[in-house]
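Nothing in this text is a laboratory measurement; each read-out follows from the coordinates by a stated rule. Note that this is a predicted model, so its numbers are computed, not measured. Note: ideal-geometry Cβ built from the backbone for every residue, glycine included; neighbour counts use all protein chains shown.
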Amino acid sequence: MDYISNLKFQQRGVTGNFITATATNQRAFVQISDRRGTGTGWSLLLKPEPLVGQKDATSIEAATLSLGSAYFLASGANITKAPAFVAKSALPMNSYSLVARAQSVPGDRQGMGTWLLRLNTKSTDPTTLNVASSAVTTQQNYQGTLSWLLTDAPQ
């Protein structure tokens, strides 16, 4: 991974038992370069860490992250097909989930070269954070970490 954008969220409302916040940065991306020259594939996983309150350090795990309409964009002249974005559902906190993969299929390799995984690109299907409203006991700003993992084998 060459680069990962920070995601900044703003609360948009409360629906049922969930507080919904959407990412505010429209040009967020993860840049991945596979320069191995083998075409053996890779997997990109993501683990959203618990949110931590900035006033009282309260930890919230009752939340999910949805990446929305994400897609891969070639950065330069790539010689293979684009990797596949597979995280179509909400990702749970504190657990690695498969986000994207490049597979090695004879004659149909994916993901070699440099690729940008574009996030939060459509206002109709944005990157969102859904937090159980019962988990929020104090009105404050929260911060969290996204732990990305790139493995050298497709899953």
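Close amide H pairs (under 5 Å, H built 1.01 Å from N) link Tyr71 with Arg118, residues at least 5 positions away or on another chain. Counting only residues at least eight positions apart within a chain, or on another chain, the lysines with an alpha carbon under 17 Å from that of Lys47 are Lys8, Lys88.
Between the listed residues Thr80, Pro92, Tyr3, the Cα displaced farthest toward the positive end of the dipole of the chain, a dipole computed from Cβ unit charges relative to the Cα centre, is found at Thr80.
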